[in-house]
1. Let me check against my output: what whole-number percent is the relative contact order of segment 146-288, with C-alpha pairs under 8 Å and at least 6 apart?
2. As an exercise, find the ratio Rg/Rh for segment 146-288 from alpha-carbon atoms, using the Kirkwood inverse-distance average for Rh.
3. Please work out, to two decimal places, the log10 of the ratio I(q)/I(0) at q = 0.12, 0.15, 0.23 Å⁻¹ from a Debye calculation in which every Cα of segment 294-379 carries one identical scatterer.
4. Just how many % of Cα pairs in segment 234-315 lie over 21 Å apart, if you round to the nearest whole percent?
5. What does the highest-first list of 209-216, 182-189, 151-158 look like by mean Cβ count within 10 Å?
6. Could you tell me what percent of the DSSP beta bridges with both partners in segment 146-288 are antiparallel, to the nearest 5?
7. Express in whole angstrom the spacing between the alpha-carbon centres of segment 329-378 and segment 238-298.
8. Within segment 151-183, which residues have the backbone N less than 20 Å from the label spot 7 Å out from residue 230 along Cα→beta-carbon, could you tell me?
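Computed from the coordinates by the stated procedures, all read-outs in this text should not be read as laboratory data. A quick note: this is a predicted structure, and the numbers were derived from the prediction, not measured. As a convention, Cβ positions derive from the backbone with ideal geometry for all residues, glycine included, and neighbour counts pool all protein chains shown.
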């Protein structure tokens, strides 16, 4: 064999040997650097198997996925609701105990005021301090009366002229039993309407109501549209048609007919009228509770602000009232019904300094920079 071939064969053998050595060295190095794996616990093996099933499952958002999912950490709804009931029961018990403590504090013995010190009350160190509570609408409105004007259509007197006196007496009696309501009777109403050139007719109902809503600031106006009494041997039957109109907007609030009967006798008609008018007064009283007490500014002269409410309405010297713009009624654009009466912008606070006349007052501005004008609304602050 030529020497050249022998040398080539030896070179190939050397290259092959080097490759084998390199492979062995690499495997040995990898074996030395790889850390031995510790045995998995049963819980870890279970979780690893569950993850592999989820990964390999094509129904990842289906019921099959959720049926396979581990729910060990899920919320037990029954236990959750039971816990909620316990918390609510504890909260109610806490509120009852606090209410008793507050009542006890309010009824505790008072310390007489001393020179330079404010009045104090005994409070136990273990009882929670009472935060000031703003008066509710019913509490803050207590003592203020809700004006209702009575308008009787001429046709009523024409059809039952002899019932004019008994009707007005029944109305006064029913309003006297309801201190929340302040009646503006027909004589005063007639004088006001004559001064404004308004004739009492069904067609003028909205204008009449709005005029009485400005002065004497009647929030509601009760129209007696019809009165009929029928005397029979066994007794008296009758009916009264009415309409209640909002004095600020002139829109009808409600209306209908009240009917009834009474036994025969000299006072049968009066008792029937008392019953019919009593139902109307009750409807007016319920409606009044849904409204915020409001009056109006009548005149502004120099610094004096004169109000269309005074002693008869329940105001007293020193009372603080808020003044707002005239306001407007909001009508739903589709249903075409009233959504309520919105006060105008806040203008300031006034203090009643003097009562005069039957139901008027003078006040002074004590806060605010708004320009107060006639027909502005007057109400309780923060209502």
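1. Over segment 146-288, the number comes to 26 percent.
2. In segment 146-288, Rg relative to Rh is 0.97.
3. Calculated log10 I(q)/I(0) at the listed q: -0.37, -0.54, -1.02.
4. Beyond 21 Å sits 53 percent of the P(r) for segment 234-315.
5. 209-216, 182-189, 151-158
6. Restricted to segment 146-288, the bridges split so that about 70 percent are antiparallel.
7. 26 Å
8. Residues 156-163 qualify, since their backbone N sits under 20 Å from the label point.
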